[in-house]
Ligand SMILES: [Zn+2]
C-alpha cells in the first residue's frame, strides 16, 4: 500500500471527490422465453446486460442454479445495492413465484429468500408487468402519467396498472392479471389451466395459434404455409405482414381487435390517461394498433370516447421491466411504490 495513502484520502476529502458514484442495482426480468439481467444505475443507465433462455431447464432447482451463476457474473466487480426481480405470478408479500403458467417452475418458489440468503443482499420481487409499469412510469412514456396501464405482449400477456400515481398491487401484488381474463367461449386452453384467456389470443404464442387456425379454416394462399408449423413464431408472422402477406396481416389485425375490445373494458373500469404496449409482440404495433384503437373506442360509452392514448413503449424490448425491478433499490423511486416486505 502506498505510504502516501492518508495524504491522498485527505486531499480527496478536501476537494470533495464523491466517495461513491450513482447507486447501482441488478434488475432481472424472468420471461417465458428468456431471463434478462441488467446492471442499472439510479439514473436508469444500463451498465451491463446479459440473458439466457428460460425454458431449457427440467425443474425449478436447475433453473435457479443457472440464475445464481448468472447473477454471480454481475457481482464480480460491482458494488450493488441489491436485486430487483420482475416475474410472472409473483406474490410480493411472500417473495414467491407461485404456479407460473409459462415458466419451468413448478409449485411455489421462494425466490427472494433463496437469493437474499445466497448473496446477502436485499432482494425485491414484483410481478413482471408491474415492473414494466414502474419502468414506464419512472423512465419511459408513462413519466408523470398518474393513471397509466402498461400491457406487456410477450410469451404471455401481462398488465400493470398505476392509479393516481400508485401501483395497483392488490392484496399480494398479483392484481391486474388481464392476460387471464376470458375473451371467447369455449376458447383455447391456457397454460394457467383455464380456457379462453386473453393471452391465448393476444401474445406471441396466441398469434401463432391464430395463424394456424386461420390457415386451417381457409385455402387462402399465404407464405405462412411454407413455414413448418413447429417453426412458426410471431416474428415470422410480423415479417411476412411487412412483406404484404394478406393472411399474416389478417392474423395481426384480428389480434388487435381482440386486444382493443378488452382494453375497452379496462378503460370503462379505471379510465387511464394512457395505455402503453410493450414486449416483443408490440414490435408489430403498426399492424395491431389500428384495430386496437378502433375496437377500444367503439366499445366505450360516449363520455369516455377519444380520451385515452395508446402508445408503443420506446424503452425497447423488456427494458421497462428491468428498470422497474431495479427501481426498488433506489431510494428516490421508492417513496410512492414501496413494497411491504414480510419478515
Ligand atoms: Zn390463463
Task: Sole residue being in contact with a helix residue (DSSP H, G or I) (Cβ under 7 Å, 6 or more places away or on another chain) and in contact (Cβ under 8 Å) with a residue 40 or more places away in the chain, chosen from 92, 79, 136 - done: 136
Task: Filter result (under 28 Å from residue 99 (Cα atoms) and not in a strand (DSSP E or B)) within the range 22-32 - done: 31, 32
Open item on the list: Please count how many residues of the range 155-197 are exposed (fewer than 14 other Cβ atoms within 10 Å of the Cβ) and within 10 Å of the ligand (Cβ to nearest atom).
Closed with: 2
- [ ] Run residue 229 past the list (1) more than 16 Å from the ligand (Cβ to nearest atom); (2) within 21 Å of residue 102 (Cα to Cα); (3) at pLDDT 95 or above; (4) in contact with a helix residue (DSSP H, G or I) (Cβ under 7 Å, 6 or more places away or on another chain) and report the number of the one that doesn't hold.
- [x] (3)
TODO: Could you name every one of the strands (runs of 3 or more DSSP E) located completely within the range 33-152 that has at least 2 residues being surrounded by fewer than 17 Cβ atoms within 10 Å (Cβ to Cβ)?
DONE: 46-53
Task: Flag if residue 263 is touching a strand residue (DSSP E or B) at 6+ places or on another chain (Cβ under 8 Å), modelled with pLDDT of 95 or more and either buried (at least 23 other Cβ atoms within 10 Å of the Cβ) or under 17 Å from residue 148 (Cβ atoms) (or both) - done: yes
Open item on the list: List pairs: first residue in the range 185-208 and closer than 22 Å to residue 287 by Cα and at pLDDT 95 or above, second residue assigned to a loop (DSSP other than H, G, I, E, B) and within 9 Å of the ligand (Cβ to nearest atom) anywhere in the structure, Cβ distance under 6 angstrom, at least six positions apart or on different chains.
Closed with: 197/190; 198/181; 199/156; 200/190; 203/156
Open item on the list: I need a count of the residues in the range 198-208 that are within 13 Å of the ligand (Cβ to nearest atom) and in a helix (DSSP H, G or I).
Closed with: 5
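The values are calculated or read from the model by the stated rules, or taken from the named source; none is laboratory data. Not measured: the values here are computed from a predicted model. FYI the Cβ positions are ideal-geometry reconstructions off the backbone, even for glycines, and counts take in every protein chain you see.
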